[in-house]
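The values are calculated or read from the model by the stated rules, or taken from the named source; none is laboratory data. What you are looking at is a predicted structure, and each value in this text was computed from that prediction instead of being measured. A quick note on method: Cβ atoms are made from the backbone with ideal geometry, for glycine too, and the neighbour counts reach across all protein chains shown.
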Amino acid sequence: MANNESIRLRPVKLGPRGTIVRKGTGGVTYLSSPHALAPYPRALTERLAHWAREAPDRVLLGERGRDGAWRELRFGEAYRRACRIAQGLLDRGLSRDRPVVILSEGGIEHALLAFASMHAGIPYAPVSPAYSLISTDFGKLKFALALLKPGLVFAADGARYARAITAVVPADAELVVTENPPAGRAATAFDELERNVTDAVTQAHAAVGPDTVAKFLFTSGSTGMPKAVITTQRMLCSNQQMVLQTLPFLGEAPPQFVEWTPWHHVAAGNQQFGLAVYNGGSYYIDDGRPMPGLIEKTVRNLRDIAPTFYFNVPKGYEELLPYLRRDRQLRENFFSRLKAMLYAGAGMSQHIWSGLEEVARDTCGERILILSGLGSTETAPSATFGHWDTGRSGVVGIPVPGVEVKLVPNAGKLEARFRGPSITPGYWRQEDITRAAFDEEGFYKMGDALRFADPDDPQQGMIFDGRVAEDFKLATATWVDVGSLRMKLILKGAPLVQDVVITGHDRDYAGAMIFPAVNACRELCAGLATNAPLSRVLAHPQVRSHFQTILDELAAQSSGSSNRIARALLLDSPPSIDAGEITDKGSINQRAVLNCRAALIEDLYSETPGPAILVAQQRPTQNR
């Protein structure tokens, strides 16, 4: 087997590297790109209009119809219909104070309504479908609608969203549906939004400028109710130009995307779908998900459509990798045009990274560039990019052109802060929270920590170093690096561990509450009924033995109390979205889990641990 380092990287055009480093007072470091940000349009729909002229018949958006066939929207049609819908929105008197709210997932109607809103200078807000379909109390949806006060609410399938519509959508907001209007509520058919275009559309679009609010994107609500991030046209357009200068191959030929990630998140809704619009590419909506029973849909879609730039979360790559290994048709199509893979949202395990390189090598004799970066809803999102062959997982790179990074010493780490045209001006109707989010120099305080991949060479980029707010001190005043400790347990516990919450604030030692990967645990339970409750699965001797081994091996590798998990508890109930324990994108809210399961934490630290508690049997290699 050839060494991966001897296998050539598929040629791809990348932007130049470079970082200007400036030292401030108090140990503060400032980083910026030496490359100037090129001009960008005043509004994203200028790019839609451009491609409608240059390539009207090119596919912009594709989605599966009910018959399984691809339903496609082309650039020319998209622009014409967006202008007609814009007229309908203007006729309704919608505005920044009476915006459009979209409850549904990504789709053709969703895209048309978004384009129309932005073109007319009317903000829109895509809200997590989970707030309507999974939540039982609709708390976050109620909060979002009360904050925005929408004049129009769209749900593609009215019957599917009927429960939330009845409970939450105000009577003075017009309800628009594509099909199945809910019983007992007047609803407008989507097609009725289209009107003959008048000069009003031209005038409204001419008034759109860089500071016009394009959309409101809600944060995940990991510290309480979600915040409505003001997203301006300047943010959208400057960030697209930043990414294009970093990854110029996106502009060499029309890019093609196949993605499942939801549009109410910044990665897909701003960046990935925006890349298609900005660069005249085609975006196919993957109706699958990285989980059993749905990953098969992703596989089907990737057999049909060959991406040129593929984005996924690490869990998505993990679920896809076994199919790539055993399905030659899939992997040959997947790698046939692929120029780069991008991961974000969490750290990618090195074994997944290596597995992707191995499959690419065996399929096409080349390695495919694997990229990552750092950003948030407030940064539009791309603030840093590791846009070179880093050769390892975890490097989030250097500042993109136009963005300044400020590294501030904080509790033994370097807290990252950001400033530039792609940074939000704040949160809608939440002035106090906005003021607290920025420092005295106007840098946005993300709350993430970074460290240099090579302390002696900043040009090698930075590595994500956890969340500053999640770290805590033990009773011994020793700091615990929560992000690092959590990731060690997740990686060591694969595939049995789904997620982990680290405990130990003001305690003598660190502990862990583990959300198990249920299916993987069930596979260990020989003789146990397939429908046995999770509590019996987790009590099974084989399962407990595996987790005990994981805990013991980690303890043996530790060097002191700050990086040793002394006790662990397997949780037999999933995280609750209503309690805020899990965000709508599936990430764990550490603080909420700690608050909601306080009684279990007391059990974990009991002087005499109960039978459900796993206690590490190995001592650390040395005291610290």
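Looking across region 300-315 at every residue that is crowded, with 21+ Cβ neighbours inside 10 Å and touching a helix residue (DSSP H, G or I) at 6+ places or on another chain (Cβ under 6 Å), the one that is nearest to Pro254 (Cα to Cα) is identified as Phe311. Among the residues of region 201-239, those that are in contact with a Pro (Cβ under 9 Å, 6 or more places away or on another chain) and in a helix (DSSP H, G or I) comprise Gln233, Arg234, Met235, Cys237, Ser238, Asn239.
This table checks each residue for (1) touching a residue at least 60 places away in the same chain (Cβ under 8 Å); (2) of a type outside the set (S, T, N, Q).
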position	(1), (2)
Lys13	yes, yes
Gly18	yes, yes
Val21	yes, yes
Gly26	yes, yes
Ser33	yes, no
Leu60	yes, yes
Glu63	yes, yes
Arg66	no, yes
Trp70	yes, yes
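On inspection, Gly18 passes the criterion of being of a type outside the set (A, V, I, L, M), part of a loop (DSSP other than H, G, I, E, B), in the same structural domain as Ala449 (by TED's automatic domain parsing) and over 24 Å from Arg337 (Cα atoms).
When the criteria are applied in full, Gln245 meets the requirement of being polar (S, T, N, Q) and out of contact with any strand residue (DSSP E or B) (no Cβ under 7 Å at 6 or more places or on another chain).
Restricting attention to region 572-584, the residues that are crowded, with 19+ Cβ neighbours inside 10 Å and either closer than 13 Å to Gly493 by Cβ or modelled with pLDDT of 90 or more (or both) add up to 0. Of the strands (runs of 3 or more DSSP E) lying entirely inside region 316-428, those containing at least 2 residues that are among the charged types (D, E, K, R) and in contact with a helix residue (DSSP H, G or I) (Cβ under 9 Å, 6 or more places away or on another chain) span 413-419.
Results for (1) in a strand (DSSP E or B); (2) under 27 Å from the mean Cα position of the chain (by Cα), shown as yes or no for each residue.
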residue: Ser135; (1), (2): no, yes
residue: Ala146; (1), (2): no, yes
residue: Pro150; (1), (2): no, yes
residue: Ala155; (1), (2): yes, yes
residue: Ala167; (1), (2): no, no
residue: Ala183; (1), (2): no, no
residue: Ala186; (1), (2): no, no
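Criterion first (at negative phi, aromatic (Phe, Trp, Tyr) and at pLDDT below 95) does Tyr283 satisfy it? Answer is no for this residue.
Which is among the β-branched types (Val, Ile, Thr) and farther than 28 Å from Pro322 by Cα, of Val243, Val299? After ruling out the rest, the residue left standing is Val243. I want to confirm something. Restricting to region 21-65 and keeping residues that are among the small types (Gly, Ala, Ser) and assigned to a strand (DSSP E or B), which single residue is farthest from Ile122 (Cα to Cα)? The residue in question is Ser32.
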